[in-house]
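Each value in this text was obtained by applying a stated rule to the coordinates, not by laboratory testing. Only a predicted model underlies this, so the values are computations on that prediction, with no experimental measurement involved. Glycine gets a Cβ as well: all are built from the backbone with ideal geometry, and neighbour counts include every protein chain shown.
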Amino acid sequence: MISVDYTFIIVIINFILLIIVLKKLLYKRIITFLTERQDKISQDIDEAHKSKEEANQLVLEKKNELKESAIEVRNIKKLAQKEANKQVDVIIKDAHERDKKMLHETEEQLILERQKVITEIQSEIAEMVSSLSEKILQEKLDSTNDKKLIDKIVSERGNG
């Protein structure tokens, strides 16, 4: 007949009892631990996605700020260039005005010098005419002697 080994049945019963005891004592804790662990991992993944999105948003903001800064730098450069051009125009205008003023002053000095020379020449001519007239009246000579006398007086004035 069939022989049944009772030790084998006892081992199976012990195993079943062990599983039932473990289920009663540890199963809920293990399931709770695994559920909590799964929730924590899901939460960490969600936070990582949020952080990644925030980082991407921050990168976009910084790129926009960089573009705005570049535009602002270009505007400042253009403004500085306009100011420099204005200053150059003012300097050139001042230089032209000084040139005109110096030219005007030089022209006035030339006019004064010319008038002075004309006055001196007129006074010399007047003296010559006076001297010539005096000599002519003193020595009333003929026309060839008159001419020689005039040449002599002119050459004396030219040398003197």
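For this structure, a couple of remarks:
- Residue among Ile153, Ile45, Gln81 farthest towards the positive dipole end of segment 15-159, charges placed on Cβ: Ile45
- Summing charges over all other residues whose Cβ lies under 14 Å from the Cβ of Leu112, with Lys and Arg as +1 and Asp and Glu as -1, gives -3.
- For Thr32, the shell of other residues with beta-carbons less than 15 Å away shows a net charge of +4, using +1 for Lys and Arg and -1 for Asp and Glu.
- When shorter helices are ignored and each DSSP H run of at least 4 residues is given -39500 (n - 2.57), the per-residue value for the chain at 222 nm works out to -34000 deg cm²/dmol.
- Remark: spin-label model distance Lys63-Leu34 equals 4.4 nm, labels positioned 7 Å along the Cα→Cβ axis.
- Among Arg98, Arg74, Arg29, residue whose mean-square fluctuation peaks in a GNM of the chain (springs only between Cα atoms under 10 Å): Arg29
- Helix axis angle, 28-138 relative to the chain longest principal axis, alpha carbon, degrees: 0 degrees
- The modelled label-to-label distance for the pair Ile76/Val154, using points 7 Å beyond Cα in the direction of Cβ, is 8.1 nm.
- Tensor-based shape of the chain (alpha-carbon gyration tensor, a/c under 1.5 rounded, otherwise prolate or oblate): prolate
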